Amino acid sequence: YKSTGYDPHLKCLVFAAHEYSYFFDPKAGKWSRNGERNPFRPNMYVVTVCPTPQGVVAWADKRDGGVGLWRLDASSRTWKALP
């Protein structure tokens, strides 16, 4: 439940708890998946997706240790690290 959030730019639900992110388009009633692995460690109990006016942001464990923040780039449907 923490691993989902609504992206205002894509106008869809984003699910990011696994190796890839999934997008539910409510108009089409279908799921799709991005083609690039998430940059964070998949974990449905840790990955937290929060909607913001600039798009969804994920808080999660980095693959190489520590924690990080990423914002979903709506045009490419890929996660970009935040400073």
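The values are calculated or read from the model by the stated rules, or taken from the named source; none is laboratory data. In this text, all values refer to a predicted model and were calculated from it rather than measured experimentally. All Cβ positions, glycine included, derive from the backbone under ideal geometry; neighbour counts span all protein chains shown. Side chains are part of the model used for accessible areas, which takes the heavy atoms of the whole protein and leaves out ligands, DNA and RNA. Shrake-Rupley method; radii C 1.70, N 1.55, O 1.52, S 1.80 Å.
Against the test of being without any contact (Cβ under 8 Å) to a residue 60 or more places away in the chain, part of a loop (DSSP other than H, G, I, E, B) and open to solvent by 80 Å² or more (accessible area, probe 1.4 Å), the options Tyr6, Tyr1 yield a single qualifying residue, Tyr1. Total residues in segment 73-83 satisfying the condition of being out of contact with any Asp or Glu (no Cβ under 8 Å at 6 or more places or on another chain) and in a strand (DSSP E or B): the figure is 2. Within segment 34-56, the residues that satisfy the criterion of being farther than 14 Å from His18 by Cα and surrounded by fewer than 17 Cβ atoms within 10 Å (Cβ to Cβ) are Cys50, Pro51, Thr52, Pro53, Gln54. With the requirement that a residue be free of Cβ contacts under 8 Å to residues at least 12 places away in the same chain and either surrounded by 13 or more Cβ atoms within 10 Å (Cβ to Cβ) or not in a loop (DSSP other than H, G, I, E, B) (or both), what does segment 57-72 give you? Within segment 57-72, Val67 is the sole residue that qualifies. Residues in segment 9-31 that are open to solvent by 50 Å² or more (accessible area, probe 1.4 Å) and either assigned to a strand (DSSP E or B) or under 14 Å from Ala74 (Cα atoms) (or both): His9, Lys11, Leu13, Tyr22, Phe24, Asp25, Lys30, Trp31.
Taking segment 56-76 as the range and being at positive phi and at pLDDT 95 or above as the test, only Gly66 passes. Within segment 16-26, which residues are free of Cβ contacts under 8 Å to residues at least 24 places away in the same chain and either touching a Phe, Trp or Tyr at 6+ places or on another chain (Cβ under 9 Å) or among the small types (Gly, Ala, Ser) (or both)? Hits for segment 16-26 are Tyr22, Phe24, Asp25.
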